[in-house]
Amino acid sequence: MLCWLVLLLLPLLPLLLLLLPAVALHRCLGASLARLASLQQQVAWGALGWAATWQRYRLEQSTRHAARSQHQALARCLRGARRAPGGSTDMSTFRNLLPLTKPSQAPEEQNGGQEQLPASSQYPQEAALQATVLGVAALGQAHPATMSPGATARVTPASPWPCPLPWLGPILGQAGPPGAEDPRALLLAALRSPGLRALEARTATELLDVFSGLEAAGQELVEAIAAGDPGAPLPGRAAEVRAALERGPRGLALQLWPQLQVVVTLDAGGQAEAAAALRALWCHGLAFFSPAYAASGGLLALNLWPDQPQGIYLLPPGIPFVELLPAKHGALEDDSRTLLLAEAQQGEEYELVLTTHASLTRCLPALPPSPGPAGSAHPYCCPSRCRLGDVIQVVGAHNQCPVVRFVDRLGQALSVRGEVTSERLFSQALGRAVVQWPGAKLLDHCCVESSILDSSEGSALHYEVFLELRGLRNLSEENRNKLDLCLQDASPHYKFLRFRGSVGPSHVHLVARGAFSALRAALAARLSSSAPPAMPRVLRHRQLAQLLQRRLLS
């Protein structure tokens, strides 16, 4: 009985520790502000220690017994579906009760063609708390200096930490105003603090926008720092920022903040190119850390290894309930057999199947209806099982759960004549082409099938490719054709269709700076959540494609 009581009270200890600063403030009115800040830091560290210990214990217990943990989660899902017949909780009952659905490649078309994308839900509180607490603890172990007061600055309105916790503020030691929503105010606060050790942004694409904006508005920001907007004038710091900007983008972050160690962003679909551009230019020489991997259904995986150069994630059991659909031998088209986490094989690739009570809920009128007060029947809502289209590769294991890396998104494939040019294949071909363009650095890209824009004009269907490059404002026809040649080398099927003339050559367009930032703003406006929108690589809505088309350089 005592053990159960201790386990129940452990999660409440951080809240109890929060009372200490108020008591200390009451008793130590004559103490200096520095002493109070130090006490608050110690209390926050104590809260983090208790919370991390509790969350790590729960994670270890669930991953050591992954099959049992998933069956418990399965029972919760079935209870959400108004109970299975006879109280059964086996997988066959689960599959029959909640048949798999597959998201449309053009979700906005599901709403009668209206300009609306499906809304992402807030992260489940339990998963968000676990990801945040364990992520902060792991970051503190890998980079202890980032936890000192004033060592961290957030430069986007939204945080990369999934769960906002008031007592984490003193630990992270934010240099700027924690509640600020104005991007300019956040960036100014960071620029006024030369001793930063960690830089935070919600996603890599948003951080890329920050650095692009910093270069564009550099003179204005320097003048604001020198004039004291906000705070006291800092002419010396203004001169340092001006000198750093004049040296160019490569390594700019370390020139602005010489003690900077790590960049913290939340990983989501379509972030790899932005992260690669940041590593190559503005954030060259810095470590990157993402506390979790996020998708429309919530937080899918946890990152417990901040020292890994490329993000690897643990798929934990629980809610949301995750299944694995084998991605080899055409199994992606056969959804009759899914695996639990403990059945994953190292080196294999799987598509993720998600069951959640949040954003993937739909009505199932085919299920037996519940009688109403007057004996009438009415449909009811329950969770649904959805193929996310995210493909992972298993690279290891933690207890009985797979450690994975994200490799592809099936919904981002191109097909104008029955060929399947996956996101991974296209990105690899594009990377090989960009290397052949002297001085070019790829910042972002999107593709559109020519039928979306009615751009074939009697010629063969083809791909329209929009690129944002640094170092080039124009491309010769010879260089534009190199992308098509790289696609043919990567895909025999595409090469065959090009040889027959069934598919025309890809059309390559360069867009002006800020075009993809405008696209992301348009995407965010269509969502009703603070969850980061996945960056699309294939646009299937004409108005979104036309947004890029209106910003062409060449």
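The values are calculated or read from the model by the stated rules, or taken from the named source; none is laboratory data. Everything numeric here is computed off the predicted structure, so don't read it as measured data. Here the Cβ is made from the backbone with ideal geometry for all residues, glycine too, and neighbour counts use every protein chain on show. Calculation scope for accessible area: heavy atoms of the full protein, side chains included, ligands and nucleic acids excluded. Shrake-Rupley method; radii C 1.70, N 1.55, O 1.52, S 1.80 Å.
The figures follow:
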{"quantity": "Output for the stretch 140-157, where each listed residue is in a loop (DSSP other than H, G, I, E, B) and either of a type in the set (V, I, T) or open to solvent by 30 Å² or more (accessible area, probe 1.4 Å) (or both)", "calculated": "H143, S148, P149, G150, V155, T156, P157"}
{"quantity": "Enumeration of residues in the stretch 34-56 that are over 19 Å from A128 (Cα atoms) and aliphatic (A, V, I, L, M)", "calculated": "A34, L36, A37, L39, V43"}
{"quantity": "Filter result for R473 (within 19 Å of A515 (Cβ to Cβ) and outside the structural domain of A280 (by the TED database))", "calculated": "yes"}
{"quantity": "Selected residue (only one of D229, D182 is at pLDDT below 95, of a type in the set (D, E, K, R) and more than 24 Å from L519 (Cα to Cα))", "calculated": "D229"}
{"quantity": "Qualifying position, being in contact (Cβ under 8 Å) with a residue 60 or more places away in the chain, open to solvent by less than 30 Å² (accessible area, probe 1.4 Å) and out of contact with any strand residue (DSSP E or B) (no Cβ under 7 Å at 6 or more places or on another chain), among L547, L539, L523, L443", "calculated": "L523"}
{"quantity": "Set A253, A277, A294, A243: member being free of Cβ contacts under 8 Å to residues at least 40 places away in the same chain and not in a loop (DSSP other than H, G, I, E, B)", "calculated": "A243"}
{"quantity": "Test result for G248, surrounded by fewer than 18 Cβ atoms within 10 Å (Cβ to Cβ), not in a helix (DSSP H, G or I) and not assigned by the TED database to the domain that holds R432", "calculated": "yes"}
{"quantity": "Exclusive hit being of a type in the set (S, T, Y), open to solvent by 40 Å² or more (accessible area, probe 1.4 Å) and under 25 Å from R542 (Cα atoms), set S517, S506", "calculated": "S517"}
{"quantity": "Residues that are of a type in the set (S, T, Y) and over 25 Å from H65 (Cβ atoms), drawn from the stretch 277-327", "calculated": "S290, S296"}
